[in-house]
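Asker: One structure coming up, written as structure tokens, with questions to follow.
Nothing in this text is a laboratory measurement; each read-out follows from the coordinates by a stated rule. Computed from a predicted model, the values in this text were never measured in an experiment. Heads up, the Cβs are rebuilt from the backbone with ideal geometry, glycines too, and the neighbour counts pull from every protein chain shown.
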Amino acid sequence: MNDPFNAILRALPSMDSLLAKGWVSLFEDELGRSAVKSIASEAMDELRKEIIAGQRVEVEENAIEEEIRRRLEVRVKTKLKPLVNATGVVVHTNLGRSPLAQEAIETMASIARSYSNLEYDLSGGSRGHRGDHAEWLLERITGAESALVVNNNAGAILLALSALAKGREVIVSRGELVEIGGSFRIPEILELSGAKLVEVGTTNRTYPKDYQSAITDQTALILKVHPSNYRIMGFTSSVPRSTLADLARQSRLYLVEDLGSGVLEDLTESGLPGESTVSECIKDGVDLVTFSGDKLLGGPQAGCIVGRRDLIDRMRSYPLLRALRTDKMTLAALEATLSLHMRGDWSSIPALAMVTASAEDILSRAEVLAEKLKKELPSWRVSVKKVYDVVGGGAFPEHPLEGYAVAVASPHMSEEELCDFLRSFKPPIICNVSGKSLLFHVRTLLLGDEDHIERALVEAWGGGR
Ligand SMILES: *Cc1c(COP(=O)(O)O)cnc(C)c1O
């Protein structure tokens, strides 16, 4: 090693002196000392390599500190943490979909902390079946003969197709070959299951005769898929569920439906018509219905399958199930959430409470928040605006929810600067932007979130004065 390199390397601060800096202790509180040390030494190692390779001939004193701080900040930001959802999207996949009901959280914590009868039959003292109670509740709520719970809805569909159609044909309308959330594509799941996709109809129109003429002795089932956020307007035609059920029965095929969000209660009276409930699908003659646990059901991530007992039994004994099985904490949260549905206690399920909240209630919450902000931030522009919120998760895409937001514009920060500041706040706050204003939709705010928003904006104001 030649001398100039050595001189630069020797001049680098020691790890001990870096870790003794005041600002480092803040990161130690969040990440722990060993993680901070590992990030700092990774940065130092890379710097040393650059020096030895001759890519760096001088290193400024605070450049090292700044690089280490930058890496620590990135690490802190990626840590899973609660945040404030002021976007008005209730089932927001990027923000963790449904917040859980208090009862679900408590049940989950008690099961997490302790041993449980997860697979133990307390009446006989013998081995029991995982998911028993959640499945019993699903049967009662949906009117289906049998139920099965797996890791998520994608897993539910994969399991159904593998167990019932591997090596055989599955008929799907071209209007339903959707991609959901960027990573779930019906054709890919079908391929993975070993079933062969037979597309029928066109993107906008599919008739009973299209299904009829696609049926061969190789056909195993007809798959109906909820189109989620994807809608073709105008000149469209699809085959009613009951017609498909008749066709499947006559041809000795199964009708499987991916219902996506899986609405358990009719929400027409809350101003949300147009989604079939799971029990309506069962009544209409669908053999198996699959749906998510963390969309409008308002529970944890899970895939629910309800329908014919003989088909569910086949899936239960299919080996893939073992790879898709549900964790005990998920089952605990799902059981508790389903119990709330069974009791009709929707208002205790946050996602349902938000979706069915009345416009008047939302308006008065927005007014209270706006008044507080006006008092605290006299030089800012603060007003209440009428906005549209969304259910999210693919349900009710044609039914924007009438809501209210508090619009805020700062006299000294641009909307981007303010958004950046809020994303770095503890807890981070995610909101919408409209023109020069930030919009805080109040529908999706949880208890205490208004205080976080107030504190963050006051701090933003203080920092800029
Ligand atoms: C959301 C959705 C899925 C995926 O469900 P996950 O529980 O996220 O696996 C599948 N199909 C439809 C129609 C959906 O809306």
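Asker: Give the number of residues within region 52-86 that are in contact (Cβ under 8 Å) with a residue 12 or more places away in the chain, assigned to a loop (DSSP other than H, G, I, E, B) and not hydrophobic (A, V, I, L, M, F, W, C).
Answerer: Total satisfying the criteria: 6.
Asker: Residues Thr87, Thr107, Thr78: which one is surrounded by fewer than 12 Cβ atoms within 10 Å (Cβ to Cβ) and β-branched (Val, Ile, Thr)?
Answerer: None of the other options fit; the residue is Thr78.
Asker: Next question. Within region 164-194, count every residue that is in contact with a Phe, Trp or Tyr (Cβ under 7 Å, 6 or more places away or on another chain) and either surrounded by 21 or more Cβ atoms within 10 Å (Cβ to Cβ) or in a strand (DSSP E or B) (or both).
Answerer: Residues that pass the stated criteria total 2.
Asker: Among the numbered criteria (1) more than 14 Å from the ligand (Cβ to nearest atom); (2) surrounded by 20 or more Cβ atoms within 10 Å (Cβ to Cβ), which single criterion is violated by Leu159?
Answerer: Tallying (1) more than 14 Å from the ligand (Cβ to nearest atom); (2) surrounded by 20 or more Cβ atoms within 10 Å (Cβ to Cβ), Leu159 fails exactly one: (1).
Asker: Just give me the residues in region 277-296 being within 16 Å of the ligand (Cβ to nearest atom), assigned to a loop (DSSP other than H, G, I, E, B) and in contact with a strand residue (DSSP E or B) (Cβ under 7 Å, 6 or more places away or on another chain), in sequence order.
Answerer: Once the filter is applied, which keeps residues that are within 16 Å of the ligand (Cβ to nearest atom), assigned to a loop (DSSP other than H, G, I, E, B) and in contact with a strand residue (DSSP E or B) (Cβ under 7 Å, 6 or more places away or on another chain), region 277-296 yields Val286, Gly293, Lys295, Leu296.
Asker: Something else about it: Considering region 120-133 alone, what residues qualify as being more than 28 Å from the chain's Cα centre (by Cα) and surrounded by 13 or more Cβ atoms within 10 Å (Cβ to Cβ)?
Answerer: Matches in region 120-133: Tyr120, Gly128.
Asker: Given Leu159, Leu197, which one is more than 25 Å from the chain's Cα centre (by Cα) and outside any loop (DSSP other than H, G, I, E, B)?
Answerer: Testing whether each residue is more than 25 Å from the chain's Cα centre (by Cα) and outside any loop (DSSP other than H, G, I, E, B) leaves just Leu197.
Asker: Ok, one more. Out of region 108-136, which residues are farther than 14 Å from Ala302 by Cβ and not in a loop (DSSP other than H, G, I, E, B)?
Answerer: Answer for region 108-136, where residues must be farther than 14 Å from Ala302 by Cβ and not in a loop (DSSP other than H, G, I, E, B): Ala109, Ser110, Ile111, Ala112, Arg113, Tyr120, Asp121, Ser126, Arg127, Asp132, Trp136.
Asker: Filter region 381-424 down to residues that are more than 16 Å from the ligand (Cβ to nearest atom), buried (at least 18 other Cβ atoms within 10 Å of the Cβ) and in a loop (DSSP other than H, G, I, E, B), then give me how many there are.
Answerer: 2
Asker: Okay, moving on. So is Leu95 under 25 Å from the mean Cα position of the chain (by Cα) and closer than 30 Å to Ile39 by Cα or not?
Answerer: yes
Asker: Looking at Val90 and the list (1) part of a helix (DSSP H, G or I); (2) of a type in the set (A, V, I, L, M, F, W, C); (3) under 16 Å from the mean Cα position of the chain (by Cα), which single condition is not satisfied?
Answerer: Exception for Val90: condition (1).
Asker: Taking the options Ile64, Ile51, name whichever one is of a type outside the set (Lys, Arg) and touching a helix residue (DSSP H, G or I) at 6+ places or on another chain (Cβ under 6 Å).
Answerer: Ile51
Asker: Can you find even one residue in region 218-239 that is farther than 22 Å from Lys166 by Cβ, away from the ligand (no atom under 16 Å from the Cβ) and within 22 Å of the chain's Cα centre (by Cα)?
Answerer: Looking for residues that are farther than 22 Å from Lys166 by Cβ, away from the ligand (no atom under 16 Å from the Cβ) and within 22 Å of the chain's Cα centre (by Cα), one finds none in region 218-239, hence no.
Asker: For the structure I just gave you, tell me whether His399 is touching a Cys at 6+ places or on another chain (Cβ under 8 Å) and closer than 30 Å to Thr268 by Cβ.
Answerer: No: the conditions fail for His399.
Asker: Looking at (1) within 27 Å of the chain's Cα centre (by Cα); (2) closer than 17 Å to Leu83 by Cβ, which is the only condition Leu363 fails?
Answerer: Here Leu363 clears every test but (2).
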